[in-house]
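Report on the structure given below.
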Amino acid sequence: MPTPADQQSEEMDKRIDEIVSRGPSGAFAVAGIATAIVVAMFFLFYWLVYLPRGAVQ
C-alpha cells in the first residue's frame, strides 16, 4: 500500500515531467533578447561612432 509520501513523490514526478516536456522556452527568449541587444549595440556604434569619423588618413 503506497504511503502519502510515495503519492506526493509520484505527483511531483508528474509535475516535473510536464514542465520539462514544455521545453526551455524561457531560456531561448532570454538568449534571443540578449542577442538582439548586442546586435543593436553594434549597429548603434557603427552608425553613431564609426561612420561620422569618415575615412582614416
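Bear in mind these aren't lab numbers, they're just calculated from the coordinates by the rules spelled out. Computed from a predicted structure; not experimentally measured. Backbone-built Cβ (ideal geometry, glycine too); neighbour counts: all protein chains shown.
Would you check which residues across the stretch 27-57 are assigned to a helix (DSSP H, G or I) and of a type in the set (Val, Ile, Thr) and list them? Matches in the stretch 27-57: Val30, Ile33, Thr35, Ile37, Val38, Val39, Val49.
Table: residues versus (1) among the β-branched types (Val, Ile, Thr); (2) under 28 Å from the mean Cα position of the chain (by Cα).
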site: Glu18; (1), (2): no, yes
site: Gly26; (1), (2): no, yes
site: Ile37; (1), (2): yes, yes
site: Leu51; (1), (2): no, no
site: Gly54; (1), (2): no, no
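For the stretch 17-26, state whether one or more residues are part of a helix (DSSP H, G or I), of a type outside the set (A, V, I, L, M) and surrounded by 10 or more Cβ atoms within 10 Å (Cβ to Cβ). No, there is no match, as no residue in the stretch 17-26 is part of a helix (DSSP H, G or I), of a type outside the set (A, V, I, L, M) and surrounded by 10 or more Cβ atoms within 10 Å (Cβ to Cβ).
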